[in-house]
Amino acid sequence: MFTGKNIVHSDVVTKATKEALLRRGVTLEDVAKIVYEMQVPYNEGLDLAECVDSVEKVLRKRELQHAILVGIELDELAEQGKLSAPLQQIVDSDEGLFGVDETIALGAVFTYGSIAVTTFGHLDKNKIGIINDLDTKKGIGVHTFLDDLVASIASCAASRLAHRKRDLDEAGITYLDLNKKENEKNSIE
């Protein structure tokens, strides 16, 4: 019989995920900048705050949280030299034929559909923003998993915005209209 005694509360996992990203030097705004770059050509009036909100929302998904926590843990263990050979050398060097990092990140992307999958492929190839910094090891540390995980988060958040745009289109409004209404509401309060 399932009692739920060993289940970790969603808020705990969300907090741990965000803390792990920050510990590794990745802010929500870093990811949101990638999302913005990917979505602004298709979304009139889109602003960075909307992209940050989308990143926040996708980070509440367990598939992403689990992938991020596992990947970051493996990167940190590699930095400490705690993986067994030859895995230690493979992860440490981010060997070209090692695809487990992309596989974990891509698995989390499937939550947001085909647009997220194609966006992930684009980001994995083109290394936009902080993804490039992590991939080229600017700074200290092993980021074999993290660069792909950031691409996964950004892909999901961009996909979420693309789906939201469809809802806005059907309502006959744009992000520009939405932001205008929000600004008017805030000026009244």
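The values are calculated or read from the model by the stated rules, or taken from the named source; none is laboratory data. This one's a predicted model, so the numbers in the text were calculated from it and none came from an experiment. Cβ coordinates were reconstructed from backbone atoms using ideal geometry, including for glycine residues, and neighbour counts include every protein chain displayed. Surface accessibility is based on the protein's heavy atoms, side chains included, excluding ligands, DNA and RNA. Shrake-Rupley method; radii C 1.70, N 1.55, O 1.52, S 1.80 Å.
The table that follows gives values for the structure above.
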read-out: Dipole magnitude of the range 42-189 about its Cα centre (Cβ charges: Lys, Arg +1; Asp, Glu -1), debye to nearest 20; value: 280
read-out: For E79, solvent-accessible area (1.4 Å; no DNA, RNA or ligand), Å²; value: 80
read-out: Residue-averaged [θ]222 nm for the chain, counting only DSSP H segments that reach four residues, each worth -39500 (n - 2.57); value: -22000 deg cm²/dmol
read-out: Taking N as its residue count, the alpha carbon Rg of the chain over 2.2 N^0.38 Å; value: 1.12
read-out: Helix 175-188 vs. the chain, principal-axis angle (Cα, 0 to 90°, nearest 10); value: 70
read-out: Angle in degrees between helix 62-79 and the longest Cα principal axis of the chain, rounded to the nearest 10; value: 40
read-out: For the chain, with +1 on Lys and Arg beta carbons and -1 on Asp and Glu, the positive-most of L146, Y112, G99 along the dipole; value: Y112
read-out: Degrees separating the helix 28-39 axis from the principal Cα axis of the chain, which is the longest one; value: 60
read-out: Protein accessible area in the range 31-189, 1.4 Å probe - carbon and sulfur %; value: 55
read-out: Listed residues P86, A171, T14: farthest to the positive end of the dipole of the chain (Cβ charges); value: T14
read-out: Total charge dipole magnitude, the range 144-187, about the Cα centre, Cβ charges on Lys, Arg, Asp, Glu only, Debye to nearest 20; value: 140
read-out: Gyration tensor (Cα) of the range 114-185, equivalent ellipsoid semi-axes in angstrom; value: 32, 15, 8
read-out: Chymotrypsin sites (Phe, Trp or Tyr not before Pro) restricted to DSSP loop in the range 32-105 with at most 15 other C-beta within 10 Å; value: F98
read-out: Å² of accessible area per residue within the chain, as computed with a 1.4 Å probe and no ligands counted; value: 54
read-out: Mean Cα-pair separation over length for the chain, i.e. relative contact order, pairs under 8 Å, 6 or more apart, %; value: 29
